[in-house]
Amino acid sequence: MNKLLQLSAASLLAVTGLSANADTLSDVQAKGSLSCGVSTGLVGFSSADSAGNWKGLDVDVCRAVAAATLGDANKVKFVPLTAKERFTALQSGEIDMLSRNTTWTLTRDASLGLNFAGVNYYDGQGFMVKKSLGVTNAKDLDGATFCLQAGTTTELNLADYFRSNGMSYNSSLSDTSAQSKNGFETGRCDALTSDQSQLYALRTTLKDPSSAIVLDGVISKEPLGPVVRQGDDKWFNIVKWSLNAMVTAEELGVNSHNVHSKFKNPEVARLLGQSGKLNDYLGLDKKWGFNIVSQVGNYGQSFERNIGKSTPLNISRGQNELWSKGGLLYSPPFR
Amino acid sequence: MSKFKSIFSFLYNNEVRAFLFQLLTLLAIVYFFYAAVDNMFANIESRGIQTGFGFLEAESGFDIAEYLIDYSSTSSNLTVFYVGLINTIVVSVVGIVLASVIGLIIGIARLSNNWLIAKLAGGYIELFRNIPILLQILFWYNIALASFPHPKRSFEFFDSIFVNLRGIYMPKPIAEEGFVWIVIALIVGFVLKVLVKRHFNKKHDETGVETNTLAYSLALIIGLPAVVYLALGSPLHFDYPMLKGFNFKGGMSLSPEFLSLAFALSIYTATYIAEAIRSGIESVTKGQKEAAAAMGLTQKQSLKLVVLPQALRVAIPPIINQYLNLTKNSSLAAAIGYSELVSTFAGTVLNQVGQAVEIILMTMAVYLTISLVISLILNIVNHKMSIKGR
């Protein structure tokens, strides 16, 4: 009787996703698809187009992991999550990884049972205001009302910034970035504050994008990156090195167009699985790196395709340039 | 042999068996929950997620738009809990009062002999009862945002009340020394008013002469404090809201989030209260109204003295349920960002510290407690109102 109860209780909790010591790679390969948590719609980072295809810089990280583990960048089930839902969804096992413009902080890394697998976008918190307001600097915003998303580091940075500058402000919170954009458009608030990349994305969705400007300068560091559950180091390594593969590919000049040609550089050979056995250490197929680069492309391609100069977002590489070109992107070697 | 038989007969005793099976079921349920909770904490621990209530003392680090107790971003997470709790209670109390008043009026109007009034009340109930409350909250919020002007073009009333899409700004009364005497005068006025009323009721009982006491009441409740106020040299001043920079500063304000939430909750819950009142009134037999009319009571007197006291007796239990629902529905405020318990504590704090189990447990305990307290109070009222055995 007791045994039975214990078993039923355990299986119930296992069903609700609280089983410890999961092997995410085997789970994903058994399912045949990767569950990846993304935003509810942020142009350039993760948003679904009219045909229901997810696109964006964060989406490409999901696709890279799917390409590495399943050999097909399209075998991803995208789970749209609000800022408030994202960590619980990952902790409970509802998703295999989270790639949702999420800031890497000590608290999140150390107390939530999660691991950040690197940085795919270096961001900072900024402000967007109506041009008619005549504001050019964040310091001019004393007493203003801000629209922001609940449950983000934005709330904390804003409080810190105004406290340290001895200024006051009002806030109007909302659940999704679409709602805070609505508040900004109707005039519920004077300024919209969020990570600068999001501000550029939201600006393109305004009725009149030219009526608003994103102020220069940021008030925080926001390294955004993919997140996995703690306790599955194998999976942690796979996500980390899938992202690194995209960065390294750009550094080595490999992209989706030339990936089929012959390279002399031995590191390219190791990256694409033509020599060495790096794949064995990760527990992946020999073609994992090749699949990422051929199906998703390198980091630079993903950047230009989703948020670069040719897109409405028109974001310059800036900090997100390779280290060798003055940016912060730096992948450890493929060796 | 006989010993075994007595044990068996003991086990086959119906009462004993019933007790044993209930005991076994209870133990099984307790064990199930124990095992479930134990397993959950073991798993949380093994995943490296923080547990315990230590986070309550940590600094919250974020600001809240509306708070009635001292709060800043350096306050603790526990203070966030209190701020959210108080905001939940405020919006619930305001909603309950408004919903009761609207519900009573609509419930009576629904039974009006005037065709138009009855149909309008019926239409109101059918419309608002059949739309999900979350949609109504979002609807009124967006209406408020779309229809109110920018602070620089606020609607003004008497140069002191300003309405714009950041909220309603009003002068804030600030009491000076001696203000306490006005409060005392108001209380004295109320007591005298009750005594006067009692006097005239007695006169009515004895002589049958009706006296309108409205003039007395006004003089005592408004006149007396006003005289004291002037005699003391107006010991009250107002802090007026002023447009400074981006927003109005000073005075007191109600946010559009609070207003649309309170409004949506009241008009939604009022439909159910109206229906409860109507069923209560319809439960009063026709003979009661006829008897009241035969006694020469006017329609107003008949409603007030005969019908409503009996109708409320039937209506109170369902109304209690609606008060509970309104309180629970206030948690939908998270959708529009009113700073109540779910959006601040179970929202932002949960996201910052990530301890879902503890925070959700605390939040659930709050709603459970509020609901139990409301139903306790109203059960006492119900008990008082119910028919006493004669």
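The values are calculated or read from the model by the stated rules, or taken from the named source; none is laboratory data. This one's a predicted model, so the numbers in the text were calculated from it and none came from an experiment. Reconstructed Cβ throughout: ideal geometry from the backbone, glycine too, with neighbour counts over all protein chains shown. Please note that ligands, DNA and RNA were not included when accessible areas were found on the heavy atoms of the full protein model with its side chains. Shrake-Rupley method; radii C 1.70, N 1.55, O 1.52, S 1.80 Å.
Table for the structure above
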{"quantity": "Charge sum, other residues only, whose C-beta stays under 15 Å from B:Ser160's C-beta, Lys/Arg counted +1 and Asp/Glu -1", "calculated": "-1"}
{"quantity": "Positive-pole candidate from A:Ser242, A:Leu199, A:Gly283, dipole of region A:189-335, charges at beta carbon", "calculated": "A:Gly283"}
{"quantity": "Whole-percent carbon and sulfur share, accessible surface of chain B, 1.4 Å", "calculated": "69 percent"}
{"quantity": "Chain-alone versus full-assembly comparison, region B:146-192, residues with accessible loss of at least 30 Å² (1.4 Å probe)", "calculated": "B:Leu165, B:Arg166"}
{"quantity": "Antiparallel DSSP beta bridges within chain A, as percent of all bridges there, nearest 5", "calculated": "55 percent"}
{"quantity": "Debye intensity ratio in log₁₀ form over the Cα atoms of region B:52-185, taken at each q of 0.10 Å⁻¹", "calculated": "-0.65"}
{"quantity": "Size of electric dipole in the protein assembly as shown: Cβ of Lys, Arg +1 and of Asp, Glu -1, about Cα centre, debye, nearest 20", "calculated": "1760 debye"}
{"quantity": "Share of alpha-carbon pairs per 10 Å distance bin for chain A, given as whole %", "calculated": "6, 25, 31, 22, 11, 4, 1, 0"}
{"quantity": "Threshold 50 Å² - residues in region B:45-70 whose accessible area is reduced by that much or more when the chain is no longer isolated, probe 1.4 Å", "calculated": "B:Arg47, B:Ile49, B:Asp63"}
{"quantity": "Peptide-level mean, for A:138-147, of C-beta atoms on other protein chains within 10 Å", "calculated": "3"}
{"quantity": "Alpha-carbon Rg/Rh ratio, for chain B, with Rh computed the Kirkwood way", "calculated": "1.08"}
{"quantity": "Cα-centre dipole for chain A with unit charges at Cβ (Lys and Arg positive, Asp and Glu negative), debye to 20", "calculated": "600 debye"}
{"quantity": "Shielding of A:187-199 by partner chains, average beta-carbon count, 10 Å", "calculated": "3"}
{"quantity": "Area hidden from solvent between B and A (accessible, protein heavy atoms only, 1.4 Å, total, Å²)", "calculated": "3900 Å²"}
{"quantity": "For region B:172-239, the Rg and Dmax computed from alpha carbons only, in angstrom", "calculated": "15.6, 52"}
{"quantity": "Peptide-level mean, for A:151-158, of C-beta atoms on other protein chains within 10 Å", "calculated": "5"}
{"quantity": "Relative packing of peptides B:171-178, A:208-215 - highest average C-beta neighbours within 10 Å first", "calculated": "A:208-215, B:171-178"}
{"quantity": "Helix-only mean residue ellipticity at 222 nm for the protein assembly as shown, each DSSP H run of n ≥ 4 adding -39500 (n - 2.57), per residue, nearest 500", "calculated": "-16500 deg cm²/dmol"}
{"quantity": "Cα-only radius of gyration and Dmax that characterise the protein assembly as shown, units Å", "calculated": "32.9, 118"}
{"quantity": "Accessible area of the protein assembly as shown divided out per residue, in Å², using a probe of 1.4 angstrom", "calculated": "50 Å²"}
